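The values are calculated or read from the model by the stated rules, or taken from the named source; none is laboratory data. Note that the coordinates shown come from a computational prediction; the quantities given were computed from them, not determined experimentally. Cβ atoms come from the backbone with ideal geometry, glycine included; neighbour counts cover every protein chain shown. The accessibility values were calculated without ligands, DNA or RNA, using every heavy atom of the protein model including side chains. Shrake-Rupley method; radii C 1.70, N 1.55, O 1.52, S 1.80 Å.
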Amino acid sequence: MSISLQRLQNHLLRAVKPCHLAVGNITRVRCISKQQSPLSKSDIEPSRLKILKTSTPKELPALESLKFGHNFTDHMLTISWSLSHGWGTPEIKPYGPLSLDPSSTVFHYAQCLFEGLKAYRCKDGKITLFRPDLNMTRMNRSAQRLALPTFNGDALLDLIKQLVRLERHWIPQKEGHSLYIRPAMIGTQSTIGISPPDSALLFVICSPVGPYYPDGFKPVALHGTTEHVRAYPGGTGAYKIGANYAPAVLPQKEAAQLGYVQNLWLSGPEHHLTEVGTMNLFVVFRQEDGTLELVTPPLDGMILPGVTRDSLLSLARSHAAGTLHIPNLATRLTVSERGVTMKEVCEAAQSGRLVEMFGGGTAAIVSPINKIGYRGQSIDVPVEEDGMGPVSRPLWTELVGRQTGEIESDWSVVVYKEQAGQLSQ
């Protein structure tokens, strides 16, 4: 008896069972296939990789001209997927345009997701990735939410490492620079209609980038946004999908017209703080006994589980517990994942208990905040002479040290190491 495409899709989705494993503040989701289902399809297989090198390599851009996300390396990784065959042959090939049917579902129904991570060149010759397993986990969560195909994260990471090794000469040999890596997945089914796609494309591109603040930290002013919302309970705010970002462009434009750099996204009648721009948000309060409390909104389904967020929280908690010493960070420190309202922030600012606020994300790592415009009033947020604060500065120093190899850490995954002309993987 024939099986309809929809029934086949449903059967395939049931053949995949998510296994949740808590790691830090991020829940990993691994897709484990049921035992040899007759409808099981091929997963990503690195051993099938085909590499076609460009015959016209680009000239490396001048470091002083680098602008985030504007320059791209010579090659990209692509892997196609189909409902009938699963994941196809991985290919590393010259960077170039994609060929897509105008009816592809990505264009009509926003079936797209992406990730962002960086490759770093360390002083000892190593090239490393920072906690890339968390990016693979989050990418699978996003795919599952959009009914796009999930995949073996270790296998994709293996292929990304091979791409980075091929493009390693694009990683600038200068402090504060790195290679930004953008994995993405799109639905490519060429029919107009809302359903799980029967075909998809996963691709990875790379871009050399400089420091987010090349001339030192510049605190930003935020517009406490009440007229728009970024996410809502039961929605998709916790997933890194394209549909969360395009609607935020107009609010950011409106904030800029009011003289602000970014939006402070507020939620609900009590105006709970959620995120800042495209970054996770952190607030530092001084308690009555002098203890500093580092607060960030909880992962309640509206907050993106950022890798930088998880890293900052893990470092701060280890310091507070006495298992890690971070130089120049207060010993009397507590770390909280809880709700914060604008009323609490305003009262803390008036009483002198607001110590600092900052955003955290892959691009900027830490972005300090010095002002919030909210309901016609301007709330000043303390910053120190260098633009940072007493909690963000030591956390940033510790985190960047681990990313760049200055501080040894098992969070850094070695992709390439050259010693006496030998390649170590």
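Among 285-293, 336-344, sorting by the average number of other beta carbon atoms lying within 10 angstrom of each residue, highest first, gives 336-344, 285-293. If R0 is taken as 60 Å, the Cβ-Cβ distance between S47 and R338 corresponds to a FRET efficiency of 0.80. For the stretch 162-289, what class follows from the C-alpha gyration tensor (a ≥ b ≥ c being the square roots of its eigenvalues): rounded when a/c is under 1.5, otherwise prolate if a/b is larger than b/c, else oblate? Here the stretch 162-289 falls in the oblate category. Counted by Cβ distance under 10 Å from T188, the other residues give a net charge of -2, where Lys and Arg count +1 and Asp and Glu count -1. Across the stretch 235-333, C-alpha contacts under 8 Å between residues 6 or more apart give a mean separation that, scaled by the residue count, equals a relative contact order of 23 percent. For the stretch 126-192, carbon and sulfur atoms together expose 40% of the accessible surface, with a 1.4 angstrom probe and every protein chain in place. The sum of -39500 (n - 2.57) across all DSSP H runs of n ≥ 4, divided by the residue count of the chain, sets its helix-only mean residue ellipticity at 222 nm to -6500 deg cm²/dmol.
Were the residues from E59 through E288 laid out at 0.36 nm apart, the gain over their Cα-Cα distance would be 76.7 nm.
Ordering 389-397, 350-358 by mean Cβ neighbour count within 10 Å, with the highest value first, yields 389-397, 350-358. Taking the longest Cα principal axis of the chain as reference, the axis of helix 5-14 is set at about 60 degrees.
The alpha carbons of the chain stretch over 71, 57, 43 Å along the principal axes, in descending order.
Restricting to Cα pairs below 8 Å that are 6+ residues apart, what does the relative contact order work out to for the chain? Please round to a whole percent.
This gives 16 percent for the chain.
Packing here is the average count of other Cβ atoms within 10 Å per residue, and on that basis the peptides 235-244, 302-311, highest first, run 302-311, 235-244. For H228, put the label point 7 Å out on the Cα→Cβ axis and report which residues of the stretch 256-270 keep their amide N under 15 Å from it. Answer for the stretch 256-270: 256-267. Over the chain, accessible surface divided per residue gives 47 Å², non-protein components excluded, 1.4 Å probe.
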